[in-house]
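Report on the following structure.
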Amino acid sequence: MKLLAEALMKFIFGLLLVGLLIFLPAGTLQYPYGWYFVVLLFAPMLAFGFYMFFKTPEFLKKRLDAKEKQSAQKGVVAFSGLMFVVGFAVAGLDFRFGWSNMPLWVVVAASALFLIAYALYAEVMRENAYLSRTIQVQEGQTVVDTGLYGIVRHPMYAVTILLFLMIPLVLGSWYALIVFAFYPAIIVVRLKDEEELLTRELPGYAAYKQKVKFRLIPYVW
């Protein structure tokens with residue numbers, strides 16, 4: 001029950017925070033794409049959270065722990081948090097002042113890609129029980145090299161790039177897309193630091209890098 005309470009509190013806090021960051025700059029609750037995004041983001045999150053609670057509570061507990069222990073990564077997390085705050089605020093302001101003129105088909109296509117990325121996110125978590133929101137090597141951890149991990153070394157990061165770049169498009173804001181475009185650079189910094197740690201501390205990871213050549217995008221990088 002303590003785990004359930006913690007998960008629900010973080011869910012409600014996240015919901016309220018995102019709502020404030022979007023609707024307060026918009027100056028109104030009559031922001032259709034804002035409500036649409038909130039449902040698109042939090043409905044699957046709630047369903048998947050309950051699934052983890054009943055099926056893999058230890059994994060849920062691990063996912064709720066977001067306290068980075070490495071000083072370099074604390075800066076990365078802080079910068080990404082700032083990006084989200086500014087990005088959501090810009091989307092709200094964009095709606096308020098009518099800066100963007102985004103076609104409906106772009107919003108629909110972005111929504112489809114957002115949900116596909118969400119599904120891939122869930123698949124990555126299913127494949128790798130050692131996933132954590134912080135960079136660390138866990139006791140008994142082994143290298144996962146099958147499924148999506150057989151295609152790129154960091155499928156979770158690849159999926160979140162797609163997921164987060166779709167957010168401003170779902171919100172109907174070209175200007176917010178400029179802000180969220182910094183996210184891939186943030187991930188590259190985090191990824192390089194993580195690979196140094198895994199190569200140094202996780203047995204078999206150096207061989208895995210030789211087997212799977214690409215970090216994020218097949219045949220590109």
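State whether one or more residues within region 193-215 are out of contact with any Asp or Glu (no Cβ under 7 Å at 6 or more places or on another chain) and closer than 15 Å to residue 120 by Cβ.
The answer is no; no qualifying residue exists.
Any residue that is part of a helix (DSSP H, G or I) and among the polar types (S, T, N, Q) - is there at least one of those in region 127-146? Give the steps one after another, and end with the answer.
Looking only at region 127-146, we keep the residues that are part of a helix (DSSP H, G or I), and these are 127.
Adding the requirement that they be among the polar types (S, T, N, Q) leaves none.
No - not one qualifying residue is present in region 127-146.
Could you grab the pairs with beta carbons closer than 8 Å, sequence gap of 6+ or different chains, first residue in region 173-187 and more than 21 Å from residue 95 (Cα to Cα), second one not in a helix (DSSP H, G or I)?
187/216
So residue 48 fits all but one of (1) at pLDDT 85 or above; (2) in a helix (DSSP H, G or I); what number is the exception?
Evaluating residue 48 over (1) at pLDDT 85 or above; (2) in a helix (DSSP H, G or I) leaves (1) as the failure.
Are any residues in region 23-52 aliphatic (A, V, I, L, M), crowded, with 17+ Cβ neighbours inside 10 Å and over 18 Å from the mean Cα position of the chain (by Cα), and if so, which ones?
26
Restricting region 155-193 to residues that are assigned to a loop (DSSP other than H, G, I, E, B) and among the small types (Gly, Ala, Ser), which is nearest to the chain's Cα centre (by Cα)?
Applying the filter and picking the extreme gives 181.
The values are calculated or read from the model by the stated rules, or taken from the named source; none is laboratory data. Just so we're clear, the structure is a prediction, and the values are computed from it rather than from any experiment. Neighbour counts run over all protein chains shown; Cβ positions are idealised from the backbone, glycine included.
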